[in-house]
1. Which residue out of L39, L97, L112 is more than 18 Å from the chain's Cα centre (by Cα) and either of a type outside the set (D, E) or outside any helix (DSSP H, G or I) (or both)?
2. Enumerate the pairs (first residue in region 82-95 and free of Cβ contacts under 8 Å to residues at least 24 places away in the same chain; second residue anywhere and surrounded by 15 or more Cβ atoms within 10 Å (Cβ to Cβ) and not polar (S, T, N, Q)) with beta-carbon separation below 8 Å, excluding pairs fewer than 6 apart on the same chain, so at least 6 apart or on different chains.
3. If you check I49 against the conditions, is it surrounded by fewer than 16 Cβ atoms within 10 Å (Cβ to Cβ) and β-branched (V, I, T)?
4. Could you list, in sequence order, the residues of region 112-139 that are small (G, A, S) and loosely packed, with under 12 Cβ neighbours inside 10 Å?
5. What do you reckon, is A37 under 13 Å from K152 (Cβ atoms) and either modelled with pLDDT under 90 or not charged (D, E, K, R) (or both)?
6. Pick from Y161, Y73: which is in contact (Cβ under 8 Å) with a residue 40 or more places away in the chain, out of contact with any Lys or Arg (no Cβ under 7 Å at 6 or more places or on another chain), not small (G, A, S) and not in a helix (DSSP H, G or I)?
7. Name the single residue, out of those in region 1-23 being surrounded by 16 or more Cβ atoms within 10 Å (Cβ to Cβ) and under 19 Å from K132 (Cα atoms), that is modelled with the lowest pLDDT.
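The values are calculated or read from the model by the stated rules, or taken from the named source; none is laboratory data. This structure is a prediction, so every number in the text was calculated from the model and none was measured. Because the Cβ atoms are built from the backbone with ideal geometry, glycine has one as well, and the counts that use them run over all protein chains shown.
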Amino acid sequence: MTQSTTTARPIERYFASYSDDHQNATNQQIHMLAVPAILWSVVALLWCIPVGGSWFSSGVWAALSMFAAWSYYNRLSRPLGLGMLGIFFFFGCLCRLIEGRIGLGGLFTTALTVFVLAWIAQFVGHKIEGRKPSFLTDLTYLLIGPIWVLAKAYRQLGWRY
């Protein structure tokens, strides 16, 4: 017996709708690479926003944004929230490492390049799919993409979310 979409958890309804726009195998493969790249690049771009004063260093806006996104993900699904917490921690460490090696300017340039290339890939994938991106109908889907990718990984590992 399957659960109807009216009684399914909100995350299941989001995933069902998001999956409707991502049926093509090539588009799905593009998303598996491009969505995490976009997420990292957004974190890195937020990392580069200057912070006045001496209490905070670079990364405070990224940390606040990651916390807000994590809170949303954790409300939708604790197992996926835990996974996203690990991903956000890794992204923060990666930003700090890159900043330490090539500076904020280098991090900004790298993030901007990744952002543009990953979005080009996304739109190529949707051209192949023949459907417009989900976020064009509801901006919430910009947040759903990363956990949709993570949920696919969980399913491949046999993990529940």
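1. Among L39, L97, L112, only L97 is more than 18 Å from the chain's Cα centre (by Cα) and either of a type outside the set (D, E) or outside any helix (DSSP H, G or I) (or both).
2. Taking only residues 6 or more apart or on different chains, the pairs are L85/W70.
3. So I49 passes the test.
4. Within region 112-139, just G130 meets the criteria.
5. no
6. After ruling out the rest, the residue left standing is Y161.
7. Out of the qualifying residues, it is D21.
To keep it simple, each residue is scored yes or no on (1) more than 16 Å from L150 (Cβ to Cβ); (2) touching a residue at least 12 places away in the same chain (Cβ under 8 Å); (3) in contact with a helix residue (DSSP H, G or I) (Cβ under 9 Å, 6 or more places away or on another chain); (4) not polar (S, T, N, Q).
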| residue | (1), (2), (3), (4) |
| --- | --- |
| A34 | no, yes, yes, yes |
| S41 | yes, yes, yes, no |
| I49 | yes, yes, yes, yes |
| L107 | yes, yes, yes, yes |
